[in-house]
1. Anything in segment 60-92 that is part of a loop (DSSP other than H, G, I, E, B), within 15 Å of Thr111 (Cβ to Cβ) and within 27 Å of the chain's Cα centre (by Cα)? List them, or say none.
2. Applying the selection to segment 190-218, what residues are within 18 Å of Glu332 (Cβ to Cβ), in contact (Cβ under 8 Å) with a residue 60 or more places away in the chain and among the acidic types (Asp, Glu)?
3. Tell me which residues, restricted to segment 136-150, are part of a loop (DSSP other than H, G, I, E, B) and buried (at least 17 other Cβ atoms within 10 Å of the Cβ).
4. Just one of Val153, Val220, Val197 is closer than 23 Å to Ala284 by Cβ, of a type in the set (A, V, I, L, M), assigned to a loop (DSSP other than H, G, I, E, B) and modelled with pLDDT of 90 or more; which is it?
5. Could you check how many residues of segment 1-34 are more than 20 Å from Gly69 (Cα to Cα), out of contact with any strand residue (DSSP E or B) (no Cβ under 9 Å at 6 or more places or on another chain) and of a type outside the set (A, V, I, L, M)?
6. Mind telling me which of the residues Ser231, Ser226 ends up being of a type in the set (Ser, Thr, Tyr), over 27 Å from His289 (Cβ atoms) and assigned to a helix (DSSP H, G or I)?
7. Can you tell me which residue is surrounded by the most Cβ atoms within 10 Å (Cβ to Cβ) among those in segment 162-172 that are free of Cβ contacts under 8 Å to residues at least 24 places away in the same chain and in a loop (DSSP other than H, G, I, E, B)?
8. Tell me which residues, restricted to segment 114-135, are crowded, with 17+ Cβ neighbours inside 10 Å, over 13 Å from the mean Cα position of the chain (by Cα) and modelled with pLDDT under 95.
Amino acid sequence: MSEIQVVGLDIAKNVFHVHGADGAGRPTIRRQLRRTELLRFFANLPPCIIGLEACGTAHHWARELAELGHTCKLIPARYVKAYLKTNKNDMRDAEAICEAVQRPTMHFVPTKTVDQQAALMLHRSRELLIAQRTQLGNSIRGQLAEFGIYLRVGSWTLTRQVAEHVAGSDGVPVTVKTLIELLVEQWRQIQDRIAHVEREIERWHRATDASCRLAEIPGVGPITASAMVASVGDIHAFRSARHFAAWLGLVPKQHSTGGKPSLGSISKRGDGYLRRLLVHGAQAVMRWHRTRSNGARPWLDELLRRRPVNVAAVAVANKNARTIWALLTRGERFNGYRSGAAAV
């Protein structure tokens with residue numbers, strides 16, 4: 001084992017696979033480990049480079065193994081696939097990870113801290129609760145429609161509409177009224193939980209300087225700012241603002257050959273949640289601009305003259321992503337867009 005310098009670790013819930021190699025890349029160990037054996041195995045190894053596929057639990061194991069003196073590198077799963085030989089299985093996955101981590105041009109994912117993962121859990125919980133609220137509201141509307149009661153769309157008026165239409169209606173059986181009251185009560189509980197989670201996100205946002213600075217950008221509020229800071233980690237992993245926007249999937253797809261560039265729609269790669277937050281924020285900026293801006297952003301007027309509204313919104317989201325990269329990289333505060341911003 002003293003010859004092991006690079007290890008590919010394929011992680012799972014209970015069974016882990018290890019592929020070790022020496023400095024020349026020759027295999028030195030191939031082994032299957034249970035969860036309880038993993039840390040003990042690596043504690044007995046001299047410090048080495050450990051490659052893992054970036055996933056939900058990889059950040060935890062990277063922190064644990066780093067405490068044992070090893071250097072852990074997380075690799076996006078789609079970058080590992082190119083090194084997988086023949087049919088896929090767990091041991092070959094570990095071998096492919098071991099091969100990929102040695103490539104000098106490989107891109108790695110920064111390891112998240114416990115605080116970052118806790119903040120992201122708040123965001124994931126909020127998304128789950130919002131989906132459950134929407135599902136429950138749609139179920140209430142759909143079931144009442146079977147009795148000729150139609151409620152307006154919009155969760156903010158759901159409880160009032162149910163009280164107005166159901167309580168005094170003679171066409172709805174008592175059993176149905178009881179069940180609807182039960183569902184409405186559950187809807188209220190979910191609404192309260194969403195408010196609680198949002199207060200926790202707001203508290204985390206106010207306690208984080210970088211998040212507060214990002215929230216000063218038009219179209220970037222506490223939800224977007226906190227999600228960005230918690231997700232990005234080390235902003236210096238991105239060489240430029242364009243690389244950051246490309247990581248978020250906000251740049252055109254490219255399919256070029258023979259020296260002829262061909263650009264398509266946005267790639268939609270990377271974190272869909274962050275991209276959605278940026279686009280929704282950009283759409284809010286567009287609505288404000290068309291109603292109350294009074295010509296405050298002439299570059300946006302010029303953009304709207306050349307492009308449809310939704311295309312312009314994605315361009316604004318791209319611009320905000322680049323601004324986020326600049327503020328995080330330089331440690332500055334937002335002081336307005338530059339006069340040359342019409343190049344979006």
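1. Matches in segment 60-92: Pro76 only.
2. Hit for segment 190-218 is Glu216, nothing else.
3. Ile149
4. Val220
5. Qualifying residue count for the region: 2.
6. None of the others qualify; the one that does is Ser231.
7. First pass over segment 162-172, keeping only residues free of Cβ contacts under 8 Å to residues at least 24 places away in the same chain: 162-170.
Narrowing the set further to residues that are in a loop (DSSP other than H, G, I, E, B) leaves 167-170.
Values: Ala167: 11, Gly168: 8, Ser169: 14, Asp170: 5.
Across segment 162-172, the extreme among qualifying residues is Ser169.
8. Arg133
The values are calculated or read from the model by the stated rules, or taken from the named source; none is laboratory data. Only a predicted model underlies this, so the values are computations on that prediction, with no experimental measurement involved. When we count neighbours, we look across all protein chains shown, and the Cβ atoms used for this are built from the backbone with ideal geometry, even at glycine.
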